[in-house]
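Working notes, structure below.
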Amino acid sequence: MFLFRLKRTIKLGAKSLWMHRLRSTLTALGVVFGVCSVIAMLAIGEGASREAQEQIARLGSRNIIIKTVKPAEQRTATGDTDTMNVYGLTYSDAERIRKTIPQVKQVIPMRRLTQRVWYRNRQVSAEVIGTIPWYPEVHPVRLRLGRFLSSIDMDYQQKICVVDEQVIEELFVVDDPIGRDIKIKNVYYRVVGMVTSTGPMQITGQAQNSAPTSAAAGGGIAGNIYIPLTAFKSSFGEMSVQYSGGVRQAEKVELQEITVMVDSTDSVLPVRDILDSLLRRFHRKKDYQIVVPLELLRQAARTKRIFSIVLGSIAAISLLVGGIGIMNIMLASVSERTREIGIRRALGARRRDIIVQFLSETVMLTLAGGALGIGLGSLIPYLITRFFYMPTVITGTSLLLSFGISGAIGIAFGLYPAYRAAWLDPIESLRHE
């Protein structure tokens, strides 16, 4: 009997909504846009957060990256005569780190320059990286063909190179790269291997501070080319010269980056402090920066939580506005249907039947709005990714949360109008015009 009365009451509520289709649709729009904004904002925030965390994770949670930066006083200094600036990390720094800190498992020194690379009549701009054979142990490169650098290549300054897939796609097209010769700055290097590589991630804010690189004119960087550090030193040297206003400015930098891998994540922060203390003893100027990917990961996680709270709060405000609009419409509906309520009460309907009828109307409105909002909210991230190439991630939690919130809004903002309708005096309601 109870289920029959409940079904009949809900049916009456649905019929009432259908009789006022336009008003019901306009009322539900507040919930539609609220739910849509919740899903879209959380998807954009989650996508951006995951991309940042993936980029940081590629650097390695056990790695500490030391980068050469140009001292501030040298960046701003001007003069009328030729100048020579010597700064940055050195080979001695790498050797000291390797010998003096027990927790250090691997030390990878690195130089890099952006250069034009030729193969037959094709050319691309690539990042030429001078490093040592143990580079793949610390950095995210995976050998696909051939071999990587060896100790013999280092000892004899062999003119060989390992290229990544991006360079092969642009430079070799259909040719087999292994055993081919490519030209970098008038020197030919033989390709001995191919790797899959994400390349060294540029730390935000370092573009203006890092040691200068010889950028090739025009075009973007196709990928990375790895050569022995000794061959890099003999081919490109350690000095770069720039001319500005008739003044020659020469700069000497031995290493642009040293990556230190420690034995465990627990050792990362203590070793960071030891490295800073060690480098300060041999660098009178602050010409280096220590970057800890583990700290960046934790900071990214905190930023994600704050970002989600802010975006969720903004979306919650829009849902609150939609809920207030629904309450307003339902109160107006109670006033319009006072006589109908009186007739139902006179025919035997109880107060709880009236409550269920009006509450079911608001819940059906909000759930329908929630369903439409989920559809629209799922479409917007797809369009953003499709046309603006921004990563977005829609999680099941955000869908369930949005749909659940829409139902909760229907109950929360529908209770007062339902109770107000239920407690109307039947006799006075029948007299209402």
Simple spin-label model, 7 Å along Cα-to-Cβ: ALA316 to GLU428 in nm? 3.7 nm
Angle between the chain longest axis and helix 351-388 axis [Cα atoms, degrees, rounded to 10]: 20 degrees
Theoretical ellipticity at 222 nm over the chain - DSSP helices of four or more residues, -39500 (n - 2.57) apiece, nearest 500: -18000 deg cm²/dmol
Neighbourhood charge, 13 Å Cβ-Cβ cut-off, centred on ALA332 and excluding it, Lys, Arg +1 and Asp, Glu -1: +1
Strictly over 28 Å apart at the Cα level, which of LYS105/LYS185; LYS99/LYS185; LYS99/LYS252; LYS183/LYS286; LYS70/LYS233 would you flag in this model? LYS105/LYS185; LYS99/LYS185; LYS183/LYS286
Report, to the nearest 10°, how far helix 293-336 tilts away from the longest principal axis of the Cα atoms in the chain, using its own Cα long axis and a range of 0 to 90°. 20 degrees
Order these peptides, 168-179, 30-41, 335-346, by their mean beta-carbon neighbour count within 10 angstrom, highest first. 30-41, 335-346, 168-179
Checked against the positive end of the charge dipole of segment 7-57 (+1 on Cβ of Lys and Arg, -1 on Cβ of Asp and Glu, about the Cα centre), the farthest of VAL31, THR9, LEU42 is THR9
Run the numbers for ARG21 and SER61: contour at 0.36 nm per residue of separation, minus the present Cα-Cα distance, in nm. 8.7 nm
If you take every DSSP beta bridge fully contained in the chain, what fraction is antiparallel? Give it as a percent rounded to 5. 75 percent
Packing-wise, with mean Cβ within 10 Å as the measure, how do 408-416, 309-317, 134-142 rank, highest first? 408-416, 134-142, 309-317
May I ask you to derive the relative contact order of the chain, considering only C-alpha pairs under 8 Å and at least 6 residues apart, and to give it as an integer percent? 31 percent
Using the crude model of +1 on Lys and Arg Cβ and -1 on Asp and Glu Cβ, and no other charge, please compute the dipole size for the chain relative to its Cα centre, in debye to 20. 1400 debye
With the dipole of the chain worked out from charges on the C-beta (+1 for Lys and Arg, -1 for Asp and Glu) around the Cα centre, which of PRO140, GLY179, ILE274 lies farthest toward the positive end? PRO140
Please turn the phi angles of segment 398-414 into ³J(HN,Hα) values with the Karplus equation 6.51 cos²θ - 1.76 cosθ + 1.60 (θ = phi - 60°), one per residue in order, whole Hz, x for glycine and proline. 5, 5, 5, 4, 5, 5, x, 5, 4, x, 5, 5, x, 6, 5, 8, x
Relative to the present Cα-Cα distance, how much length would full extension add between TYR382 and THR83 at 0.36 nm per residue of separation? 102.2 nm
For segment 419-432, just list the computed ³J(HN,Hα) in residue order, Karplus coefficients 6.51, -1.76 and 1.60, θ = phi - 60°, integers in Hz, with x standing in for Gly and Pro. 5, 5, 5, 5, 9, 5, 6, x, 5, 5, 5, 5, 7, 5
Between 0 and 90°, nearest 10: helix 2-19 axis offset from the chain longest Cα axis: 80 degrees
Rank-order 111-121, 255-265 by packing density, defined as the average count of other C-beta atoms within 10 Å over each peptide's residues, highest first. 255-265, 111-121
For VAL128, what residues show an amide H to amide H distance below 5 Å, using hydrogens built from the backbone and excluding near sequence neighbours? LEU113, THR114, GLN115, ILE225
Taking P(r) over Cα pairs in 20 Å bins from 0, in percent straight from the coordinates, which label in [x] 20, 34, 21, 17, 7, 0; [y] 27, 58, 15, 0; [z] 23, 56, 20, 1 is the correct one? [x]
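Read the figures in this text as sums done on the coordinates, not as results from a lab. All values reported here derive from a predicted model rather than from experimental measurement. Cβ coordinates were reconstructed from backbone atoms using ideal geometry, including for glycine residues, and neighbour counts include every protein chain displayed.
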